[in-house]
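Asker: Can you read through this structure? Questions will come right after.
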Amino acid sequence: MTYPIRTLHQLRPLLIGLRKKAGLSQASLAAQLGITQQSYAKIEANPTATSFERLYNIVRLLGGELYLTTHGENADVPGKAPAPTVPQPGTPAPPTQTPSNKEIW
């Protein structure tokens, strides 16, 4: 499943959810990271205060992946439809459909 993060406030519930889905306690995840449970609890309570590298490592340990896309593009994100393509010059436009009563707007 893909979880787009559009605000930093979305990080905390996402990290908690991924950890619980993985069946890990804070202590067991902290041990894998080489930190104390208390240190991990601080990260989970305020993930915006930690480094991107640390967040990346946590997400990877939880079986997740990170994707960075520009707004509106999602062609390479699993579970997302590719962004619409822009026709190249000289390419005929696809046929358009008009309402069944043949009105043209």
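The values are calculated or read from the model by the stated rules, or taken from the named source; none is laboratory data. Everything numeric in this text was worked out from a predicted model, so none of it was measured. Virtual Cβ from ideal backbone geometry, glycine too; neighbours counted across all protein chains shown.
Asker: Within the stretch 29-51, track down each residue that is within 14 Å of Q10 (Cα to Cα) and of a type outside the set (V, I, T).
Answerer: Matches in the stretch 29-51: E44, A45, N46, P47, A49.
Every residue, every condition in (1) surrounded by 12 or more Cβ atoms within 10 Å (Cβ to Cβ); (2) part of a loop (DSSP other than H, G, I, E, B); (3) at pLDDT 95 or above, yes or no:
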| residue | (1), (2), (3) |
| --- | --- |
| I16 | yes, no, yes |
| K20 | no, no, yes |
| S28 | yes, no, yes |
| I43 | yes, no, yes |
| N57 | yes, no, yes |
| G72 | no, yes, no |
| A83 | yes, yes, no |
| A93 | no, yes, no |
| K102 | no, yes, no |
